[in-house]
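Shown next, in structure tokens, is the structure this report addresses.
Computed from the coordinates by the stated procedures, all read-outs in this text should not be read as laboratory data. Owing to the predicted nature of the structure, the values given are computational and were not obtained by experimental measurement. All Cβ positions, even for glycine, are placed from backbone atoms using ideal geometry, and neighbour counts span all protein chains on display.
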Amino acid sequence: MTPAPTAGELLRQWRQRRHLSQLDLSVEANVSSRHLSFVETGRAKPTSEMILRLAEHLDVPLRDRNQLLLAGGFAPAYPQHGLDAPELAAVKQALAQVLKGHEPYPASIVNRHWELVDANGPTVLFTEGAAAHLLEPPVNVLRLSLHPDGMAPRIGNLPEWRGHLLTRLHRQAQTTGDPELATLHDELAGYPGGEAHPPPAADVIVPLRYRPPGKPELSFISITAVIGTPMDVTVAELAIESFYPADERTAATLALI
């Protein structure tokens with residue numbers, strides 16, 4: 001049975017994932033490179049304060065900071081509540097206001113694995129016509145977007161949009177080290193839909209050109225937002241995906257829906 005990695009080994013993995021040398025990290029975190037080397041090799045046991053300091057400079061997600069602390073023999077520092085917990089009532093209310101206030105434009109809330117947490121009414125534009133198996137909870141919005149039984153057949157610029165989503169997911173999988181994201185990327189990359197490629201260099205953004213069933217083609221700009229200064233694992237892993245009209249025709253059409 002393979003022993004669980006130590007806090008030092010996990011810190012080394014995160015440092016390497018961030019492409020930092022021991023000297024780089026020691027300078028940024030104001031720690032001697034000698035002590036950092038001892039921590040990574042197990043010759044020195046880091047304190048909880050040291051683990052959190054290094055994790056902060058390595059931009060380690062809160063969930064993984066807790067894992068670092070547990071590996072070091074300490075209690076987790078960040079709570080994890082369900083969205084229905086009383087502790088997150090204010091967050092849940094704020095998110096609901098964001099979704100409602102974004103109408104008549106589509107907006108959704110997703111977790112770290114791109115599973116749908118909540119959405120406003122206009123997101124039916126994206127789910128209408130999708131196969132039932134893609135809409136069974138938990139709905140993965142990236143799978144829904146690129147699956148041939150989902151949105152893909154109605155995306156006018158599928159190769160560019162597909163390339164944008166796959167690049168984004170690949171980067172996220174690398175920076176977080178999350179194997180589920182890597183598996184999801186491999187699955188989506190195997191879907192048909194043309195070779196994924198980036199947009200022309202002259203383009204400022206990658207729009208989503210989408211034709212809902214029975215409606216004209218719409219063009220959207222997507223914006224991702226997160227909650228500032230989260231101290232709860234659940235809250236830290238939420239993202240708001242908002243879609244805005246990219247042209248006047250789309251704005252006028254959405255105003256009538």
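How big is D, in µm² s⁻¹, for the stretch 86-256 by Stokes-Einstein at 4 °C and 1.567 mPa s if Rh is the Kirkwood radius over C-alpha pairs?
77
Under a point-charge model restricted to the Cβ atoms of Lys and Arg (+1) and Asp and Glu (-1), what is the dipole moment magnitude of the chain relative to its Cα centre, in debye to the nearest 20?
Its charge dipole is roughly 480 debye.
Only Cα pairs under 8 Å and at least 6 apart count here; give the relative contact order of the chain as a rounded whole percent.
It comes to 17 percent, rounded to a whole number.
Starting from the Cα of Thr224, step 7 Å along the direction of its Cβ; do the same at His113; then give the gap between the two resulting points in nm.
1.8
Ranking Met1, Met151, Met50, Met231 by Cβ neighbours within 10 Å, fewest first, what do you get?
Going from sparsest to densest Cβ surroundings: Met1, Met231, Met50, Met151.
Taking the alpha-carbon distance from Lys100 and a cut-off under 27 Å, which lysines remain once sequence neighbours fewer than 8 residues away in the same chain are dropped?
Partners found: Lys92, Lys215.
If you build the convex hull over the alpha carbons only and average its shadow over all orientations, what do you get for the stretch 11-91? Give it in nm² to one decimal.
Average projection, Cα convex hull of the stretch 11-91: 6.0 nm².
With n ≥ 4 as the cut-off for DSSP H runs, can you work out [θ] at 222 nm for the chain, using -39500 (n - 2.57) per run divided by the number of residues, rounded to the nearest 500?
-13000 deg cm²/dmol
Suppose each label sits 7 Å from its Cα in the direction of the beta carbon; what would the Glu187-Met1 distance come out to in nanometres?
Placing both labels 7 Å along Cα→Cβ, they lie 3.0 nm apart.
With point charges of +1 on the Cβ of Lys and Arg and -1 on the Cβ of Asp and Glu, referenced to the Cα centre of the chain, which listed residue (Gly214, Gln172, Leu116) lies farthest in the positive direction of the dipole?
Working it through, the farthest residue towards the positive pole turns out to be Gln172.
Viscosity 1.567 mPa s, temperature 4 °C: Stokes-Einstein D of the stretch 33-151 from its Kirkwood Cα radius, in µm² per second?
73
Shape call for the stretch 115-164 from the C-alpha gyration tensor, a ≥ b ≥ c root eigenvalues: rounded (a/c under 1.5), prolate (a/b greater than b/c) or oblate?
Prolate.
For the residues Thr167, Thr6, what sequence is obtained by ranking on other C-beta atoms within 10 Å, fewest first?
Least to most surrounded, the residues fall as Thr167, Thr6.
How far apart, in nm, are the 7 Å Cα→Cβ label points at Ile205 and Glu217?
A separation of 1.8 nm, rounded to one decimal place.
Using R₀ = 35 Å, calculate the FRET efficiency as 1/(1 + (r/R₀)^6) where r is the Cβ-Cβ separation of Glu87 and Gln16; round to 0.05.
It comes to 0.50.
Of the residues Gly228, Gly150, Gly214, which exhibits the maximal mean-square fluctuation in a Gaussian network model of the chain defined by a 10 Å Cα contact cut-off?
Evaluated over the chain, the most mobile residue of the options is Gly214.
Under 8 Å for C-alpha pairs, at least 6 residues apart: give me the relative contact order for the stretch 7-71, rounded to a whole percent.
43
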